[in-house]
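The values are calculated or read from the model by the stated rules, or taken from the named source; none is laboratory data. On a predicted model such as this, the values are computed, not experimentally measured, just so you know. Note that each Cβ is placed from the backbone with ideal geometry, even for glycine, and that neighbours are counted across all protein chains shown. To get the accessible areas, we keep the full protein, side chains included, count just its heavy atoms, and leave off ligands, DNA and RNA. Shrake-Rupley method; radii C 1.70, N 1.55, O 1.52, S 1.80 Å.
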Amino acid sequence: MIGANTLQEFVVARQAEFAGATGDLSRLLTDIGTAAKMVNRHINRAGLSGILGAQQHNGKGSTNVQGEAQQKLDVYADDTFTRVLQSCLKVGGVVSEEQPGIIHVDHSKRGQGRGYGKYVVCIDPLDGSSNIDVNISVGTIFGIHKRRSPLTEPATPEDFLQPAKDLVAAGYVLYGSSTMMVYSTGCGVNGFTYDPSIGEFFLSHPDMKFPEKSKVYSMNDANLDTAVSGVRNYIESCRHRGMTARYTGALVADFHRNLIQGGIYLYPGTDAKPEGKLRMLYEAQPLAFLANQAGGSTRCHNHDLLHVQPTSLHQRTPLFTGHAAEIEQLVAQMHSAVEVR
Ligand code: AHG
Ligand code: MN
Ligand code: MN
């Protein structure tokens, strides 16, 4: 590893590319890396440490704000990331999948005398958490916005409700056969692999781009019959073109594979769930930002998701993301859809 870039070295070196950069965003990104190491350690030992299974509350299975069952590791990952983010002086507020409202971060109350930080963070602390008990990959997804409201006041919903194109940074951690952190600050996408023997992330995937040829489509087949018009025809065209299906049930893992092997991820609206399942602020937007930086594009049905103005903290959105040429083909199928269901 001599001469290799650690995550911290790389983040700081890249900071110099931004005129007037203060190092605040670099600090925040390296803090996210630290929290990822803590969660990684827990995930790796999950079967041994009694942390598999559903979180219990008053003798019943616990649910989050969206009524979804919480796993013990959802709660652990949420505690860890939100605790680390709250101790970062650069953070003024956090929205987490696992908590209903904005977590306000007032550093003066913590005796740090600095008021509220200038960034807000949207986070899915543990993505694909139903994979945990069966030892399949899971992830963390994050998006970082610069606040619009005065830093003398608590963060407002408008600080979080910004289009994906205005993110200052976004990324994910994939806890897979190895653990990786992949992020972008708007100057390309770079991936770092964790070396547990050293306790550091090292640059392993510089300047990631979707390969020109797409091999894979990722969609839950159970939704095909009721998906919005055009999706079925598009999937048939993928099959005719020799593409293959891969779907793990963890968005981070599916997105990462498609970024490396070439492909497209689809979670469309369905008859029963017109808005689909995925969440705008901490699933769709960060991945749309990364896809755009990697030669891909992202749609929420008829709109370019990068430009969509979100309206609520936990809103759901249909999501199509992958190589730009595949997204174009999908959009063409949606426009000319004459499907008979
Ligand atoms: P989370 O565990 O954060 O709630 O996310 C699960 C999401 C996403 O990771 C995945 O792509 C999708 O749910 C899978 O949904 P289906 O089981 O409906 O296919
Ligand atoms: Mn998720
Ligand atoms: Mn989650």
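For every residue, the table says whether it meets (1) touching a Ser or Thr at 6+ places or on another chain (Cβ under 9 Å); (2) among the polar types (S, T, N, Q).
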residue	(1), (2)
Ala21	no, no
Met38	yes, no
Leu48	no, no
Ala69	yes, no
Asp79	no, no
Ser87	no, yes
Asp106	no, no
Tyr116	yes, no
Leu126	yes, no
Selection over region 189-209 where residues are open to solvent by 10 Å² or more (accessible area, probe 1.4 Å), of a type outside the set (Ser, Thr, Tyr) and assigned to a loop (DSSP other than H, G, I, E, B) yields a count of 7
Quick count over region 281-312, residues being within 14 Å of Pro163 (Cα to Cα) and more than 15 Å from the chain's Cα centre (by Cα), is 10
Picking from Gly242, Gly295, the residue that is in contact (Cβ under 8 Å) with a residue 12 or more places away in the chain and either more than 16 Å from ligand 2 (Cβ to nearest atom) or not aromatic (Phe, Trp, Tyr) (or both) would be Gly295
May I ask you to list pairs of residues, at least six apart or on different chains, whose Cβ atoms are under 7 Å apart, with the first in region 119-140 being not assigned by TED's automatic domain parsing to the domain that holds Asn64 and the second being within 12 Å of ligand 2 (Cβ to nearest atom) and outside any strand (DSSP E or B)?
none
How many residues of region 259-274 are more than 12 Å from ligand 1 (Cβ to nearest atom) and buried (at least 24 other Cβ atoms within 10 Å of the Cβ)? The answer is 3
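Within the bounds of region 178-192, is there any residue that is touching a residue at least 24 places away in the same chain (Cβ under 8 Å) and closer than 20 Å to Gln329 by Cα?
No, region 178-192 contains no residue that is touching a residue at least 24 places away in the same chain (Cβ under 8 Å) and closer than 20 Å to Gln329 by Cα.
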From Gly59, Gly33, Gly92, Gly53, grab the single residue that is open to solvent by less than 20 Å² (accessible area, probe 1.4 Å) and on the phi > 0 side of the Ramachandran plot.
Gly53
Yes or no: Gly143 modelled with pLDDT of 95 or more, crowded, with 21+ Cβ neighbours inside 10 Å and in contact with a Leu (Cβ under 6 Å, 6 or more places away or on another chain)?
yes
Got at least one residue in region 160-181 being surrounded by fewer than 23 Cβ atoms within 10 Å (Cβ to Cβ), closer than 22 Å to Gly23 by Cβ and more than 13 Å from the chain's Cα centre (by Cα)?
yes
Specify the residue that is surrounded by the fewest Cβ atoms within 10 Å (Cβ to Cβ); the eligible residues are those in region 215-229 that are within 23 Å of the chain's Cα centre (by Cα) and polar (S, T, N, Q).
Asn220
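Residue-by-condition table, conditions (1) under 21 Å from the mean Cα position of the chain (by Cα); (2) not in a helix (DSSP H, G or I):
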residue	(1), (2)
Ile51	no, yes
Gly67	yes, yes
Leu73	yes, no
Tyr76	yes, no
Val94	yes, yes
Glu98	yes, yes
Ser108	no, yes
Ile123	yes, yes
